[in-house]
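Visitor: Quick one: the structure is below, and I'll ask about it shortly.
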Amino acid sequence: MTQLTEHSLVQGGRSAAFATACVRGGVAAGLGVGALAVLVIVAWIGSPFPDSGAGGALHLAAGLWLLAHGVDLVRTDTLSGVPATLGIVPLLTAVLPVWLVFRTARSTLDPADASRPRPSPAGALGAVSGGYLLVAAVIVVYSESGPLPADLITAGLWLPGVVLGAAGAGVWTALGRPLPGREEAAAALRGAGTGLAALLAGGAVLAGTSLVWHVGAARASYEGLAGEWSGRVTLALLVLALVPNAAVWAAAYGLGPGLALGTGALATPLGLVGDPAVPPFPLLAALPPEGRGGWPQWAAAAVPLVAALALGRSVGRATGPGQARETALAALGASWASGAAVAVLAGAAGGPLGSGRLLAFGPVWWQTGAAAVLWGVGVGLPTALAVRAWGRREPRIRKPRIPKPPKGPRTPEPVPAAAGAPAVPAASPAAAERPDPGFPLDDEGYEPYDYLPASWETPLTPAPPPVPPAPGTEPPRPSGTTGADGSEPGAPD
């Protein structure tokens, strides 16, 4: 009975945690819609000539929220009467809803109170995404009655993909950002992230440089579109929201495939082909001029070159201790992962701007992704192998330099004597090196051994007195002498 009760409590706690995660996902969606609605209503209030009431402003906010998730909007009130599709996502507006989903999924698996039950990683992913998508479905239905209804096909594809991707990233972060077990797979993911960050940063620098170069045209376009201060503020916010798109456009331009400026018009570093259909907009003033490209346009290739070098360097340093085959596989994996990310960003940053010739505007996603893969394979792979080989080289041991012997003292030259004066002989080297003893050496009675004994290390002992010979015996003679008869002592007679 006790085991059944505990089991039911655990199941009830998990169910409550799942329901709480679902509610939190719906709240995240509501916060995103509410933030955009506040901005739109403030702009509507400040506009001197509002075209519609508060209902139109709320429908516009709902449409912008769906557009931030990659959903195409259909504009019905066109001058020609033909519905026009709007599919370019302002990437900066997508940051808030994506961050809300990410943060909700992460906090669901990482609560402040560890004693509370929490769902499993898969349960948290499903609960947060499910609650968010329920609110999104209500907003899609609400947008159908406004001037910018959502395209149902893209709503069924892009909206769940964006939500599941952001929630999955939050769950992965809550689990400690685990990477694949194989070292080359983890190195490939790190290299892809490094290369993608370098590519986008270079694209932003390229777009900013071109915009400064054409600042006159950009200012004229800005002043022509907005006259009142409220319109200028709204236009400035729209330009700010499209700044990440400009970075992706510039990166695609440097990769080689370029940008589609309408049906039949293409801008690449080699030149602009066709008749572009460019609407007046401040950011579009940074587009290259018509005709063949020169060195300023060719310099855009430095952006993917630096990105590929950064990718290869990251992979080469991460797989340096391994074999060359592992480094090559990691570089290829990083190239494909980076190409896939670039293709997704290019697809979101481009799209239709209307009907007719404006159906194609921005980079073509599959061409841009393929170009990123080719740059990674052609430049990143050799760079990774070179970095690995450089890191495994053996350092050279420098031989110690033998110091030169010191030079001896120079012999002083004899000083010429004056006329009538005796010549002074030059001092010999031995005399020059002899130290001064401190006492005169020209004393005739000086003997060095008068000061110390011959064996000064042992004390001197006096010799014993000679023993007198016994009576009737001949005193001993010194060694080597002969007797009176000429015989040697001790010889037999």
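Visitor: Skipping prolines and chain starts, which residues have an amide H placed within reach, meaning under 5 Å, of the one on R75, given they are 5 or more residues away or on another chain?
Guide: A84, T85, L86
Visitor: Sticking with this one: Defining a contact as two alpha carbons under 8 Å apart and six or more residues distant in sequence, what relative contact order in percent does the range 21-95 show? Working shown, then result.
Guide: On the way: 60 pairs, mean separation 17.1, N = 75.
Dividing the mean separation by the residue count of the range 21-95 yields 23 percent.
Visitor: Using label points projected 7 Å from each Cα along Cα→Cβ, tell me how many nm separate E223 and V273, to one decimal.
Guide: Between E223 and V273, the simple spin-label model gives 3.8 nm.
Visitor: Now, a different point. Assuming a ≥ b ≥ c are the square roots of the Cα gyration tensor eigenvalues, decide whether the range 115-215 counts as rounded (a/c under 1.5), prolate (otherwise, with a/b larger than b/c) or oblate.
Guide: Oblate, because a/c is 1.5 or more while a/b does not exceed b/c.
Visitor: Would you please name the GluC sites (Glu not before Pro) within the range 223-312 that are DSSP coil residues with at most 16 other C-beta atoms within 10 Å of their C-beta?
Guide: Numbers: sites: E223, E228, E290; in loops: E228, E290.
When the GluC sites (Glu not before Pro) of the range 223-312 are filtered for loop state and at most 16 Cβ neighbours within 10 Å, E228, E290 remain.
Visitor: So between V95 and A201, what do we pick up on full extension, going 0.36 nm a residue minus the alpha carbon distance?
Guide: On the way: separation 106, 0.36 × 106 = 38.16 nm, distance 1.70 nm.
The span from V95 to A201 would gain 36.5 nm if fully extended.
Visitor: Additional query: Can you give me the distance in nm between label points at R393 and L157, each placed 7 Å from the Cα along the Cα-to-Cβ direction?
Guide: 5.0 nm
Visitor: Which whole-number percent is the relative contact order of the range 223-273 (Cα, under 8 Å, 6+ apart)? Could you put the intermediate results ahead of the total?
Guide: Values: 30 pairs, mean separation 9.3, N = 51.
Relative contact order of the range 223-273: 18 percent.
Visitor: In nm, give the distance between the simple-model label positions of R292 and R401, each being 7 Å from the Cα along the Cα-to-Cβ direction.
Guide: That separation, rounded to one decimal, is 5.6 nm.
Visitor: Taking θ = phi - 60°, what integer Hz values does the Karplus form 6.51 cos²θ - 1.76 cosθ + 1.60 yield along the range 20-25, in sequence order, with x for Gly and Pro?
Guide: 5, 5, 5, 5, 5, x
Visitor: Can you compute 3J(HN,Hα) from phi for each residue in the range 315-332, using the Karplus curve 6.51 cos²θ - 1.76 cosθ + 1.60 with θ = phi - 60°, rounded to whole Hz and x for Gly and Pro?
Guide: Values per residue, Gly and Pro as x: 5, x, 6, 6, 10, x, x, x, 8, 5, 5, 5, 5, 5, 5, 5, 5, 5 Hz.
Visitor: Please report, in whole Å, how far the alpha carbons of the range 191-309 spread along each principal axis, starting with the longest.
Guide: For the range 191-309, the Cα extents along the three principal axes come out at 47, 32, 24 Å.
Here, each number is a calculation from the coordinates, and none is a lab measurement. Fair warning: this is a prediction, and the values are worked out from it, not measured in the lab. Cβ coordinates were reconstructed from backbone atoms using ideal geometry, including for glycine residues, and neighbour counts include every protein chain displayed.
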